[in-house]
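First up is the structure itself, then whatever we jot down about it.
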Amino acid sequence: MLKLFYARNACSLASHIALEEAGAAYKAVRLDFGANEQRGSDYLAINPKGRVPALVTQWGILTETPAILAFIAQSFPEAKLAPLDDPFAFAELQAFNSYLCATVHVAHAHGSRGYRWADEEASFADMKRKVPQTMSECMSMIETRMLRGLWVFGDRYTICDPYLFTVSHWLPRDGVDIEKFPKIRAHAALMETRSAVQTVLRAELI
């Protein structure tokens, strides 16, 4: 059985939803970031990065959201969460998720994780002030150039959709009004109608 380590209000939500959508047999284990459990010796033995998500499989441990999402899609092809028979389309999917991981998530993290890039309190404050602008720019890119329809890739639900849903839920904390991005807002609303999403949200909010 797969084991997913996650935290509330974290990017691990995307992997959690994907596992549920795939119909995978898995156990979800919550880490309490408030108690700094991600830095405890037990978890660092699983993921030395001290972050979530981490997915324990029979072959080893995976970290990083794009990698875990791709693994889920490839491991459960019957769920049709990715265009596995089309190398270019699969690469496009990976490009979208890489943008969320390497650009959007980093912009978001500047609001509360400034210590990753600087030491001075003034620098933390400056980075935090910049977040509404950088996140708005990221959302504008997705809204105008990357969303192809009701789902990220048009009429086909993929592993990109739970990831975008996860990121869009951060916008209030980032000082960004999702109403300015009607396609992203509609995408989030549509995601909330899916039974797998509802199941995971209930589990993570307990």
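Observations, loosely collected:
- Counted residues, region 19-42 - those being surrounded by 14 or more Cβ atoms within 10 Å (Cβ to Cβ), out of contact with any strand residue (DSSP E or B) (no Cβ under 7 Å at 6 or more places or on another chain) and either hydroxyl-bearing (Ser, Thr, Tyr) or under 23 Å from Ser75 (Cα atoms) (or both): 3
- Counting the residues of region 180-200 that are out of contact with any helix residue (DSSP H, G or I) (no Cβ under 6 Å at 6 or more places or on another chain) and more than 27 Å from Met141 (Cα to Cα) gives 2.
- Residue in region 44-55 that is in a helix (DSSP H, G or I) and either among the charged types (D, E, K, R) or not assigned by TED's automatic domain parsing to the domain that holds Val104 (or both) present: yes
- Verdict on Arg156 being out of contact with any helix residue (DSSP H, G or I) (no Cβ under 9 Å at 6 or more places or on another chain), free of Cβ contacts under 8 Å to residues at least 12 places away in the same chain and either closer than 21 Å to Ile72 by Cβ or not hydrophobic (A, V, I, L, M, F, W, C) (or both): no
- Filter pass, Asp86 being surrounded by fewer than 18 Cβ atoms within 10 Å (Cβ to Cβ), out of contact with any Ser or Thr (no Cβ under 9 Å at 6 or more places or on another chain), at pLDDT 95 or above and closer than 22 Å to Asp155 by Cα: yes
- For region 165-183, the set of residues classified as surrounded by fewer than 16 Cβ atoms within 10 Å (Cβ to Cβ) and of a type in the set (Gly, Ala, Ser) consists of Gly175 only.
- Here Arg129 meets the list (1) touching a Lys or Arg at 6+ places or on another chain (Cβ under 8 Å); (2) of a type outside the set (Phe, Trp, Tyr); (3) free of Cβ contacts under 8 Å to residues at least 12 places away in the same chain almost entirely, failing just condition (1).
- Residues in region 140-171 that are under 16 Å from Ala91 (Cβ atoms) and of a type in the set (D, E, K, R): Arg148, Arg156.
- Among the conditions (1) surrounded by 14 or more Cβ atoms within 10 Å (Cβ to Cβ); (2) at negative phi; (3) of a type outside the set (A, V, I, L, M); (4) more than 16 Å from the chain's Cα centre (by Cα), Gln94 misses just one, which is (4).
- Residue within region 142-150 that is surrounded by 15 or more Cβ atoms within 10 Å (Cβ to Cβ) and within 16 Å of His16 (Cβ to Cβ) present: no
The values are calculated or read from the model by the stated rules, or taken from the named source; none is laboratory data. Since we're looking at a predicted model, the values are computed, not measured. As a convention, Cβ positions derive from the backbone with ideal geometry for all residues, glycine included, and neighbour counts pool all protein chains shown.
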